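Here's the structure we're looking at; comments come further down.
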Amino acid sequence: MKKIYLTLTLLGIAISPIFGQVCSPDNSITKSGVYPDQPDTAFANQSYDFSFQILSIKDTAVVYLGQSITADIDSVTVDAVIGLPENFEYACNPSRCAFTYKAVGCINLKGNPTADQVGIYDIKIATTAYAKATLALGIPIRLPVADTTEGYQLVVKGEGSASVFENHLSAVNVYPNPSSNGVFMLHANSPMTSIDVFDTRAQKVNFARHHKNNTHILNLSNTPRGIYILKINIDNKQVVKRIIH
């Protein structure tokens, strides 16, 4: 993993000092990642309460002065959650929104969506990873690595909207995610017209791929461990998902 999440103010969202009980980490999680892959659906005129579970990575590849190096991750902090509807707010456990590989943490989202907010909201999560690394000459460095994770969607439903939104969100299933060996299964009910993978610098990544029935098997085992962005065109829409290898 290499992206997790937040701080103080963001588009339409503010942290409330009286947020109430935040969330309880799920200590049964042992693999780094963000769980589940998508937030629960919200319903108009009903209070919303959802929690992401987060376990940070221990190390990852970073680029420093044009040099790719392996870095140990002290912590990853969430700097902003961009794109949530108005009347939504978040809080973290731990409260500083700083996550490490040593313990599971969580982010709680709460809101009170209204009928005029029915729709699909693309959510981006801005993070900073604080990394320690050693350069080729043996020089130790500590540097912040800023990143933004895309691919999350918050659906707000109202009467009569269920089938449209469910079909959109279930367009492509990716599993396992995270993948311990870099192999991912992509399943869809409709043909996928294109599949591309990008690293966190927006560079296209080469990968092996084969197809069986309605499932595509992607092999990224020859790529460095970390987070990648999967972009799939299906049903005249682009689906963006975050995958972890």
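Derivation of every value follows stated rules applied to the coordinates shown; laboratory data play no part. Small disclaimer: the values here were computed from a predicted structure and weren't measured. Note that each Cβ is placed from the backbone with ideal geometry, even for glycine, and that neighbours are counted across all protein chains shown.
Dipole size in debye (nearest 20) for the range 171-245 around its Cα centre, Lys and Arg Cβ +1, Asp and Glu Cβ -1? Mind dumping the intermediate values first?
Details: 9 positive and 3 negative charges, 21 e Å.
Dipole about the Cα centre, nearest 20: 100 debye.
For the residue pair Q38 and K58, what label-to-label distance in nm results when each label sits 7 Å from Cα along the Cα-to-beta-carbon direction?
For the pair Q38/K58, the computed spacing is 3.3 nm.
Between I120 and D26, what is the label-to-label distance in nm when each label sits 7 Å out along the Cα-to-Cβ direction?
2.4
Calculate I(q)/I(0) for the range 171-245 by the Debye formula, one identical point scatterer on each C-alpha and no solvent, and give its log10 at q = 0.23 Å⁻¹ to two decimals.
Result of the Debye calculation: -1.07.
Between N189 and N45, how high is the FRET efficiency from 1/(1 + (r/R0)^6) when r is the Cβ-Cβ distance and R₀ = 35 Å? Nearest 0.05. Can you show the working numbers first?
Details: r = 31 Å, r/R0 = 0.89.
After rounding to 0.05, the efficiency reads 0.65.
Round to the nearest 0.05 the FRET efficiency obtained for R209 and L135 when R0 = 41 Å and r is the Cβ-Cβ distance.
Details: r = 35 Å, r/R0 = 0.86.
Efficiency, rounded to the nearest 0.05: 0.70.
Extending each Cα 7 Å along its Cβ direction at T70 and N181, get the distance between those two points in nm, one decimal.
So the two model labels end up 2.1 nm from each other.
Would you mind getting me the FRET efficiency between Q238 and L143? Use the beta-carbon distance for r and R0 = 30 Å, nearest 0.05.
0.40
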